[in-house]
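The values are calculated or read from the model by the stated rules, or taken from the named source; none is laboratory data. Treat the numbers as computed from the prediction; the structure is a model and nothing was measured. Here the Cβ positions follow ideal geometry from the backbone for every residue, glycine too, while neighbour counts run over all protein chains shown.
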Amino acid sequence: MMATGGKKVEQRVDFFEAYSQDAACWNLNMFVSGWHWSIHTAGREYKSGKIRMQSLHSATIISAERSAGLIGVAEYDVQQVNILFVLCGEIEVESAEMQALLHIPADHVAIVSGHDGTRIAIKPCSSWLLFQVPELAIRRYFENVTGQPYRRKLALSPVNFRQNDAREFFQVLKQAEKDLFRCRPTERAMLAKVYHELILVKAFAKLPHNLRDSFDHGLG
């Protein structure tokens with residue numbers, strides 16, 4: 001976001017890569033809407049690894065390798081689905097809608113809400129990947145495929161993604177990130193569109209989420 005005359009104007013880029021904790025926070029706050037990112041006090045002495053963002057139309061893939069401790073706080077009710085993979089380290093999520101702190105350990109994936117005040121605390125030296133997609137895109141895809149109304153929001157408690165089909169969804173996200181990083185500028189728009197559709201397909205088909213039975217029944 002950029003301040004102009006007391007107002008915030010949303011900016012959007014297709015890609016950024018940062019190698020320091022300050023640069024990571026600056027880029028996340030500038031180009032990822034709805035969340036404010038800061039450096040975790042416990043991780044200030046740790047030298048950050050790589051943090052990368054790729055956009056796919058309205059969706060975003062953010063990944064980090066051995067990142068410094070970061071804290072992300074939803075600044076308002078962000079109408080999006082946040083699918084969070086932890087490769088190593090640990091992430092804690094706190095929200096007014098949850099009765100207890102949510103722990104996401106290494107090798108696990110969970111869906112995190114974007115309600116106002118939701119707090120994501122990334123422990124220092126953690127590697128992770130976050131896929132953010134608007135709730136509206138999830139709703140439209142579910143209703144178009146199943147012919148049923150989207151009455152319950154997509155949800156997933158922490159589960160080991162390396163021991164089930166969720167691993168295939170993670171692999172698609174990593175391949176999208178790699179291909180979009182390497183592609184020519186003239187190829188990017190079409191490639192992003194294709195991957196956006198593929199990722200939605202894999203999210204519903206491979207994650208053990210709360211709507212799996214309804215989704216499979218609709219396909220049948």
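One table, with the values for the structure above:
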| item | result |
| --- | --- |
| Candidates GLN99, GLN80, filtered to the one that is at pLDDT below 95, in contact with a helix residue (DSSP H, G or I) (Cβ under 9 Å, 6 or more places away or on another chain) and over 18 Å from GLY49 (Cα atoms) | GLN80 |
| Flag if VAL201 is farther than 15 Å from LEU130 by Cα and either part of a helix (DSSP H, G or I) or in contact with a helix residue (DSSP H, G or I) (Cβ under 8 Å, 6 or more places away or on another chain) (or both) | yes |
| Sole exception among (1) exposed (fewer than 14 other Cβ atoms within 10 Å of the Cβ); (2) within 16 Å of the chain's Cα centre (by Cα) for PHE204, by number | (1) |
| So LEU129, is it in contact (Cβ under 8 Å) with a residue 60 or more places away in the chain and not acidic (Asp, Glu) | yes |
| Candidate set from segment 134-165 (those that are touching a His at 6+ places or on another chain (Cβ under 8 Å) and in a strand (DSSP E or B)); member that is surrounded by the most Cβ atoms within 10 Å (Cβ to Cβ) | VAL159 |
| One residue from VAL86, VAL73, VAL109 being part of a strand (DSSP E or B) and in contact with a helix residue (DSSP H, G or I) (Cβ under 7 Å, 6 or more places away or on another chain) | VAL109 |
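The rows are residues; the columns are (1) among the acidic types (Asp, Glu); (2) touching a Ser or Thr at 6+ places or on another chain (Cβ under 8 Å); (3) within 26 Å of PHE16 (Cα to Cα).
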site: PRO134; (1), (2), (3): no, yes, yes
site: ILE138; (1), (2), (3): no, no, yes
site: GLU143; (1), (2), (3): yes, no, no
site: GLN163; (1), (2), (3): no, no, no
site: GLU168; (1), (2), (3): yes, no, yes
site: LYS178; (1), (2), (3): no, no, yes
site: PRO185; (1), (2), (3): no, no, yes
site: LEU200; (1), (2), (3): no, no, yes
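Every residue, every condition in (1) out of contact with any His (no Cβ under 7 Å at 6 or more places or on another chain); (2) among the hydroxyl-bearing types (Ser, Thr, Tyr); (3) within 24 Å of PHE181 (Cα to Cα), yes or no:
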| site | (1), (2), (3) |
| --- | --- |
| ILE51 | yes, no, yes |
| SER63 | yes, yes, yes |
| GLY69 | no, no, no |
| GLU94 | yes, no, no |
| LEU102 | yes, no, no |
| VAL112 | yes, no, no |
